[in-house]
1. Which residue out of 43, 63, 90, 25 is surrounded by 15 or more Cβ atoms within 10 Å (Cβ to Cβ) and either over 28 Å from the mean Cα position of the chain (by Cα) or touching a residue at least 40 places away in the same chain (Cβ under 8 Å) (or both)?
2. Being farther than 30 Å from residue 146 by Cβ and outside any helix (DSSP H, G or I) narrows it down to one residue among 198, 265, 178; which is it?
3. Name the residues in segment 98-122 that are under 22 Å from residue 188 (Cα atoms), assigned to a helix (DSSP H, G or I) and within 6 Å of the ligand (Cβ to nearest atom), would you?
4. Just name the residue that is farthest from residue 138 (Cα to Cα) out of those in segment 155-175 that are near the ligand (Cβ under 8 Å from one of its atoms) and in a loop (DSSP other than H, G, I, E, B).
5. Quickly run through segment 78-97 and pick out the residues that are within 11 Å of the ligand (Cβ to nearest atom) and assigned to a loop (DSSP other than H, G, I, E, B).
Ligand SMILES: C[S@@+](CC[C@H](N)C(=O)[O-])C[C@H]1O[C@@H](n2cnc3c(N)ncnc32)[C@H](O)[C@@H]1O
């Protein structure tokens, strides 16, 4: 059953040009944009997917934002992992319901939210972050998404444990199923990951430059070849297409490069 929109929810309205606006519904409030004003009261109580009209007659459709749409508009402190990479990371790191996952750093919380949904109610996400300001931004992004987006799945998401700690200094947790590192020098955390990741566990690192990936893979090869094995190194491209009448072609703009993903497995590998 589709639940009607309620006061306090974060929703998005889409105009006829496809422009999207996100707003938190508040009784007796209004929202103005280039094509008129809409009253929040016109949205409260209607079903997701409904049409409303602005003061100037513009037709808008109201929807709850998806996680990817929310990430695109949320407040950013750090650079984030883009949804196209997050989607692949969930599969390549084999994030499963009930998993205990450690990530560092939390940044703006983009990956964290996807992890919380993927590990499900029985799972745990432990996030290390050394910057207080980023931690606060991530915390408020995560709270807003799970607290105010009714389709976020907060009831089914995992437990989040946030630690203001430098992961290069050590990892307290043991028997981790997965470790995801999105920070500049992942090789500096390898000693701790080796001690904390369970056998069979997966380490996935995300880095924007190939020099970082090269340095990481050299460390793995020279110092950790008995306990880690690189399973794959990937880069993902996603290009949108548009169809306008008889013109069918790729969109002119795309985010060409984001980062490399390296997937590493822990086990008792012989030298
Ligand atoms: C690129 S951002 C992470 C973005 C995050 N994955 C997201 O999707 O929003 C890198 C983060 O790692 C943090 N960081 C860097 N070195 C760290 C360390 N040694 N321990 C913990 N956090 C660290 C930075 O402060 C920054 O917030």
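Only the coordinates and a few stated rules stand behind these numbers; no lab work does. Just so it is clear, the structure is predicted and the values come from calculations on it, not from any experiment. Positions of Cβ are backbone-derived with ideal geometry, glycine not excepted, and every protein chain shown enters the neighbour counts.
1. That would be 63, the only listed residue that is surrounded by 15 or more Cβ atoms within 10 Å (Cβ to Cβ) and either over 28 Å from the mean Cα position of the chain (by Cα) or touching a residue at least 40 places away in the same chain (Cβ under 8 Å) (or both).
2. One residue alone meets the criteria, 265.
3. 111
4. 166
5. 78, 79, 80, 81, 82 - these are the residues of segment 78-97 that are within 11 Å of the ligand (Cβ to nearest atom) and assigned to a loop (DSSP other than H, G, I, E, B).
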